[in-house]
1. Could you tell me whether any residue of the stretch 425-441 is open to solvent by 10 Å² or more (accessible area, probe 1.4 Å), assigned to a loop (DSSP other than H, G, I, E, B), farther than 21 Å from residue 368 by Cα and without any contact (Cβ under 8 Å) to a residue 60 or more places away in the chain?
2. Residue by residue through the stretch 148-201, note down the ones that are small (Gly, Ala, Ser) and more than 16 Å from residue 97 (Cβ to Cβ).
3. For the stretch 193-206, state whether one or more residues are at positive phi and under 21 Å from the mean Cα position of the chain (by Cα).
4. Does the stretch 108-121 contain at least one residue that is in contact (Cβ under 8 Å) with a residue 60 or more places away in the chain, among the aromatic types (Phe, Trp, Tyr), in contact with a Ser or Thr (Cβ under 7 Å, 6 or more places away or on another chain) and open to solvent by less than 30 Å² (accessible area, probe 1.4 Å)?
5. Looking only at the stretch 125-138, decide whether some residue is farther than 29 Å from residue 43 by Cβ and open to solvent by 50 Å² or more (accessible area, probe 1.4 Å).
6. Does any residue of the stretch 106-125 turn out to be assigned to a loop (DSSP other than H, G, I, E, B), among the basic types (Lys, Arg) and assigned by the TED database to the domain that holds residue 44?
7. Out of all the residues in the stretch 224-240, which are out of contact with any His (no Cβ under 9 Å at 6 or more places or on another chain) and either free of Cβ contacts under 8 Å to residues at least 12 places away in the same chain or at negative phi (or both)?
Amino acid sequence: MALRRTQVVGLAVFVLCFSGLQLLLQAAEPPSYVAAVYEHRVLLNPKPGAPQERRSALLHMRTNLRVLEEQSALAAQQGAQIIVFPEDAIHGFNFSRSSISGYLESVPDPQEITWSPCADPHRFPDTEVLQHLSCMARRNSLFVVANMPSRLTCNQTSDPHCPTDGQYQFNTNVVFSDQGVIVARYHKQNLYFEAAFDTPPERQHVTFHTPFAGRFGMFTCFDILFRDPAVTLVKELGVRQIVYPTAWMNQLPLLAAVQIQQSFAHAAGVTLLAANIKAAEYGITGSGIFTPWDSLIHHDTQGNSGKLLVRRVPVLDPLFIGDVKSDVLKLAPFSGYPKIGLESEKTHVWSSSDANYCEKDFDCTSTSFNSIMMHDNFTLVPLRGHEGNVSVCSGSVCCQLLFRRSETLEFYALGVFNGLHVVNGVYYLEVCAVVKCAGGDQSSCGGETEHAHTVVDFRLTGTFGTKHVFPGILGNGMTLDVPDHSGWDDGNRFYMSRRGMSAGLVTAVLYGRHYEKDND
């Protein structure tokens, strides 16, 4: 049946109006992009201490590169615009300075040289890995962030830091654009028992720009615990999006990989794209796509397969967002803020009136004890009864806990540490932590456990000498949570509160890093 002219005109007007409404709705939505991280089950060199020729090293690396190529294609099929691969994912680890020589490639500085290894493979010799990664990015039309070992020739006469063999060897992240061009290069600054590599002679704060989300910053693994480059990128340079290759060995109860990743993202108010390797025999796992409010994570200490995570996330770069008035722009790094969108009846702002609910048979001044937690000598007090108010101090750092819990069968304690951590790294800590002890005795407090059945509502407060405090909540089975509220209260007092968790509480921690005292 033919439409009358008035019907045609009406239909055209409706289509135009509907299309205009769609454009308005799209314009009202904050910009976003699709990110991917891949936790790679790396194929290791069985004899990393034995030097290998370039040919053998390439054969080994190509076995890992083939997997990364497959995952890049899968990520692209799901709409990913950027993918992050783990530290050591291509070559492995446990090399000596001499045994890694066959794996090294020279990565030109993209600030000085514009180069696509895929489009111009013969410009520099011995760059097969760079060529493979460049073509991977170009073929799948996505930004690729990869970690690899690199070399940089130096002159001992003009450079007092130049190693005796005349070259620097770096743990290096390389970023390729969706056209395969190298757009960023970062040499890891804070090494973790990496005999094959040198510390860069100068501090680096590396960023790169994308057409879909603006600016990203970059650092690697152990860097996350230090001021440079991690905090400087965020606090001084205003970077709100971070790519983070890592090979993180889980350390419970305070520093599991996804635990510190989420704490950093939440405290700093950033998106963190964290890719870890999978090496169950070393306790290495834990990757995720983190925003300041939530996360998509993978943690699996049993399986032997890799895992691709893909997720759409909001753009946080203020320059890219422009004049869009968004809650994300109100987040000040390391200032503490409420969880956006969690203003419901379960949100509870603890007040001083809550301090007066010690049970009649509960001693609020419980005798403290000491126990080793992650190589540090913590002072702790036990939690007793279903609710209470406990505190414990170490020097100027005092921790207070107001709590209610669902049961009393599991042993919990509130602990404090204020001092220089000196095992597997040297850095100054100020820590308040509620931990579910691994057993029923005091010496088990600080032992590793992933499981808890007790649901705990709490407000944890600490007095700190540093402004860099990372709040974290870990639930049963490595589930992550974020505080209902957290922030500074009365000068040097930092707090976080949580009520109505769906899982038992394993750890609630205020992890303070006093960077200025690292050299004490």
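1. Checked the stretch 425-441: no residue is open to solvent by 10 Å² or more (accessible area, probe 1.4 Å), assigned to a loop (DSSP other than H, G, I, E, B), farther than 21 Å from residue 368 by Cα and without any contact (Cβ under 8 Å) to a residue 60 or more places away in the chain.
2. First pass over the stretch 148-201, keeping only residues small (Gly, Ala, Ser): 150, 158, 166, 177, 180, 184, 195-196.
Matches in the stretch 148-201: 158, 177, 180, 184.
3. Filtering the stretch 193-206 down to residues at positive phi leaves 193.
Cutting the leftovers down to under 21 Å from the mean Cα position of the chain (by Cα) gives us 193.
Checked against the condition, which is being at positive phi and under 21 Å from the mean Cα position of the chain (by Cα), the stretch 193-206 yields at least one hit.
4. no
5. Initially, the stretch 125-138 is screened for residues farther than 29 Å from residue 43 by Cβ, giving none.
No, the stretch 125-138 has no match at all.
6. Filtering the stretch 106-125 for residues assigned to a loop (DSSP other than H, G, I, E, B) gives 107-125.
Applying the additional criterion that residues be among the basic types (Lys, Arg) yields 123.
With assigned by the TED database to the domain that holds residue 44 added as a condition, the list becomes 123.
For the stretch 106-125, residues assigned to a loop (DSSP other than H, G, I, E, B), among the basic types (Lys, Arg) and assigned by the TED database to the domain that holds residue 44: present.
7. Keep residues of the stretch 224-240 that are out of contact with any His (no Cβ under 9 Å at 6 or more places or on another chain), which gives 224-226, 230, 234, 238, 240.
Residues satisfying the conditions are 224, 225, 226, 230, 234, 240.
Residues are listed down the side, and each one gets a yes or a no for (1) within 19 Å of residue 184 (Cβ to Cβ); (2) touching a Ser or Thr at 6+ places or on another chain (Cβ under 9 Å); (3) at pLDDT 95 or above; (4) assigned by the TED database to the domain that holds residue 257:
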{"site": "49", "(1), (2), (3), (4)": "no, yes, yes, yes"}
{"site": "52", "(1), (2), (3), (4)": "no, yes, no, yes"}
{"site": "58", "(1), (2), (3), (4)": "no, no, yes, yes"}
{"site": "63", "(1), (2), (3), (4)": "no, no, yes, yes"}
{"site": "68", "(1), (2), (3), (4)": "yes, no, yes, yes"}
{"site": "73", "(1), (2), (3), (4)": "no, no, yes, yes"}
{"site": "78", "(1), (2), (3), (4)": "no, no, yes, yes"}
{"site": "81", "(1), (2), (3), (4)": "yes, yes, yes, yes"}
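The values are calculated or read from the model by the stated rules, or taken from the named source; none is laboratory data. Just so it is clear, the structure is predicted and the values come from calculations on it, not from any experiment. Don't worry about glycine lacking a Cβ; one is built from the backbone with ideal geometry, like all the others, and counts go over all protein chains shown. Areas reflect the complete protein model, heavy atoms only, side chains present, ligands, DNA and RNA absent. Shrake-Rupley method; radii C 1.70, N 1.55, O 1.52, S 1.80 Å.
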